[in-house]
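K.L.:
Following this message is one structure expressed as structure tokens.
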Amino acid sequence: MGPKNPTTKITQVRILDSSLIIEADRLRLTKRLSDYLSRNRIQTIVPTKVKQETVDEPRSIPEYSKSANRIDRLIFRSNAVSVEDPDYRDGRTCTLTDRIRDCIAKKSGKFAHLVERADLEFVTLALNHMNRNEKVELVFRDNALDACIKSILTSYRYANKLMITPISAHIDSL
Amino acid sequence: MDIMSSKIEPATMERLLPQLHGQSAKILHYLAIHGKANPNEISVALALPRSSVYKTVRDLIGTRLVSAHQGVKTGERGRVGSEVLTTDFRIVVENLPGVPRLEITPKNVAVFDLLGKSSGKLFVERHGMGKFARFMGLYEDYANGKMPAFMIAKELDAERFEVELLIGDTEGLTRPMKRSVKKWDRRIQQRKLHKLGSLTAV
């Protein structure tokens with residue numbers, strides 16, 4: 001899926017992980033989130049994994065299927081967010097993603113192979129966009145991820161292109 | 001707190017368990033996050049009526065889940081002479097059916113409270129109480145910034161959706177709803193106006 005308006009040059013994108021979408025649905029604010037994201041001029045992107053976690057997986061569980069259908073209808077089918085696959089062809093992007101994986105594994109006291117690349121798809125997507133000279137706003141809730149992303153991307157001089165926003169900042173604006 | 005260093009009577013446990021739910025859980029969780037606070041701060045931060053905070057705090061002190069330190073030193077928040085509350089306990093429940101060991105601490109007391117909410121009930125229904133007890137332990141790591149939510153989901157072989165719902169409900173416990181804050185603010189404002197009115201009348 002491409003940008004919503006191809007005539008406008010997008011210089012900033014917002015990339016979400018699953019937490020904001022699930023939290024908005026938990027608070028029954030999915031419609032408001034959809035309107036908020038559509039109203040905003042910044043394009044919102046999620047990786048395929050996020051659609052899996054918020055729609056495909058819960059849809060197969062009867063207790064959560066209603067939420068999954070609501071998210072699908074209001075967030076994905078309404079084009080409030082676009083789904084994009086991360087690109088792993090760039091060696092530097094892979095190195096950075098692997099460093100973040102190592103950092104998370106170390107923090108949680110697990111082996112690095114237990115943290116898969118797919119778990120960090122939204123970070124890879126952010127790197128893809130920053131490499132295209134776009135500014136990226138990353139929205140998620142995890143403190144562990146926050147510390148690792150900040151420390152590694154700052155040391156690789158991505159700090160001026162990256163802004164990390166906690167989901168509470170967006171939830172409060174709904 | 002050493003109240004749980006030895007085996008306790010079932011009667012004491014019965015008295016203790018209700019203290020780990022609802023408003024008491026909110027206050028314990030708030031104290032766990034902030035280290036210490038006085039009842040007034042808690043009342044403002046959680047948008048709870050002061051009288052009910054004082055009552056709950058009295059009950060918590062009675063069950064020794066909260067300690068009160070008299071006399072505020074200079075530089076600490078709160079009025080000099082007002083109580084400063086702290087909490088530090090570890091309740092270990094062993095040999096429950098399907099749960100070999102369940103540890104309740106101030107940091108995960110809010111998760112324990114989820115057993116009364118739909119997200120917690122659904123999780124237990126799908127994965128059993130054993131996994132819920134494991135989630136309680138993992139949530140402490142999550143809150144301390146050691147483990148991200150996707151790792152918890154993997155550890156428990158659960159869906160990310162379920163884990164995010166549990167985390168959202170846990171964190172929502174000590175985040176007052178916008179509406180209640182507004183209502184609280186309105187009430188304070190009305191009280192101030194009322195005072196002003198009476199002053200003008202004088």
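The values are calculated or read from the model by the stated rules, or taken from the named source; none is laboratory data. Bear in mind the structure is a predicted one, so any value in this text is a computation, not a measurement. Heads up, the Cβs are rebuilt from the backbone with ideal geometry, glycines too, and the neighbour counts pull from every protein chain shown. For the accessible areas, the whole protein counts, side chains as well, though only heavy atoms, and no ligand, DNA or RNA atoms are used. Shrake-Rupley method; radii C 1.70, N 1.55, O 1.52, S 1.80 Å.
K.L.:
Suppose the filter is under 28 Å from A:E116 (Cβ atoms), at pLDDT 85 or above, within 14 Å of chain A (Cβ to nearest Cβ) and out of contact with any Gly (no Cβ under 8 Å at 6 or more places or on another chain); does B:M136 pass it?
P.N.:
Taking the combined requirement at face value, the residue does not satisfy it.
Here's the yes/no breakdown for (1) buried (at least 16 other Cβ atoms within 10 Å of the Cβ); (2) hydrophobic (A, V, I, L, M, F, W, C); (3) in a helix (DSSP H, G or I):
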position: B:L85; (1), (2), (3): yes, yes, no
position: B:L122; (1), (2), (3): yes, yes, yes
position: B:R126; (1), (2), (3): no, no, yes
position: B:K146; (1), (2), (3): yes, no, no
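K.L.:
With respect to A:L33, determine if the residue is free of Cβ contacts under 8 Å to residues at least 60 places away in the same chain, farther than 20 Å from A:A118 by Cα and hydrophobic (A, V, I, L, M, F, W, C).
P.N.:
no
K.L.:
Which ones in region B:103-120 are in a helix (DSSP H, G or I), away from chain A (no Cβ under 14 Å) and open to solvent by less than 20 Å² (accessible area, probe 1.4 Å)?
P.N.:
Scanning region B:103-120 gives B:V109, B:A110, B:V111, B:F112, B:D113.
K.L.:
Show the residue pairs that are 6+ apart or on different chains and have beta-carbon atoms under 6 Å apart, the first residue being within region A:66-92 and within 14 Å of chain B (Cβ to nearest Cβ) and free of Cβ contacts under 8 Å to residues at least 60 places away in the same chain, the second being surrounded by 20 or more Cβ atoms within 10 Å (Cβ to Cβ) and in a loop (DSSP other than H, G, I, E, B).
P.N.:
Short answer, once both residue conditions are applied: A:I75/A:V81.
K.L.:
When you check B:R15 against the structure, is it surrounded by fewer than 16 Cβ atoms within 10 Å (Cβ to Cβ), modelled with pLDDT of 85 or more and in a helix (DSSP H, G or I), yes or no?
P.N.:
The answer is no for B:R15.
K.L.:
Take region A:36-67 and flag every residue that is among the acidic types (D, E) and closer than 21 Å to A:L120 by Cβ.
P.N.:
Selection gives A:E53, A:D56, A:E57.
K.L.:
Separate question: Just need a number here: residues in region A:101-156 that are of a type outside the set (F, W, Y), under 17 Å from B:Y142 (Cα atoms) and in contact (Cβ under 8 Å) with a residue 24 or more places away in the chain.
P.N.:
Counting residues in region A:101-156 that are of a type outside the set (F, W, Y), under 17 Å from B:Y142 (Cα atoms) and in contact (Cβ under 8 Å) with a residue 24 or more places away in the chain gives 12.
K.L.:
Please list, ordered by residue number, the strands (runs of 3 or more DSSP E) wholly in region A:61-174 having 2 or more residues that are buried (at least 20 other Cβ atoms within 10 Å of the Cβ).
P.N.:
Hits in region A:61-174: A:135-140.
K.L.:
Looking only at region A:49-59, decide whether some residue is within 12 Å of chain B (Cβ to nearest Cβ), closer than 26 Å to B:G120 by Cβ, hydroxyl-bearing (S, T, Y) and buried (at least 20 other Cβ atoms within 10 Å of the Cβ).
P.N.:
Yes, the conditions are met somewhere in region A:49-59.
K.L.:
Out of (1) polar (S, T, N, Q); (2) open to solvent by 20 Å² or more (accessible area, probe 1.4 Å); (3) at pLDDT below 85; (4) under 19 Å from the mean Cα position of the chain (by Cα), the odd one out for B:Q70 is which?
P.N.:
(4)
K.L.:
Let me ask another. Can you give me the number of residues within region A:20-47 that are more than 10 Å from every other protein chain (Cβ to nearest Cβ) and open to solvent by 50 Å² or more (accessible area, probe 1.4 Å)?
P.N.:
Residues in region A:20-47 being more than 10 Å from every other protein chain (Cβ to nearest Cβ) and open to solvent by 50 Å² or more (accessible area, probe 1.4 Å): 7 in total.
K.L.:
If B:M136 satisfies every condition in (1) part of a helix (DSSP H, G or I); (2) closer than 17 Å to A:D17 by Cβ; (3) in contact with a helix residue (DSSP H, G or I) (Cβ under 6 Å, 6 or more places away or on another chain) but one, which is the exception?
P.N.:
For B:M136, the failing item is (2).
K.L.:
Would you pick out the residues in region B:153-167 that are assigned to a helix (DSSP H, G or I), within 11 Å of another protein chain (Cβ to nearest Cβ) and more than 13 Å from A:G109 (Cβ to Cβ)?
P.N.:
Within region B:153-167, B:A153, B:K154, B:R160, B:F161, B:E162, B:V163, B:E164, B:L165, B:L166, B:I167 qualify.
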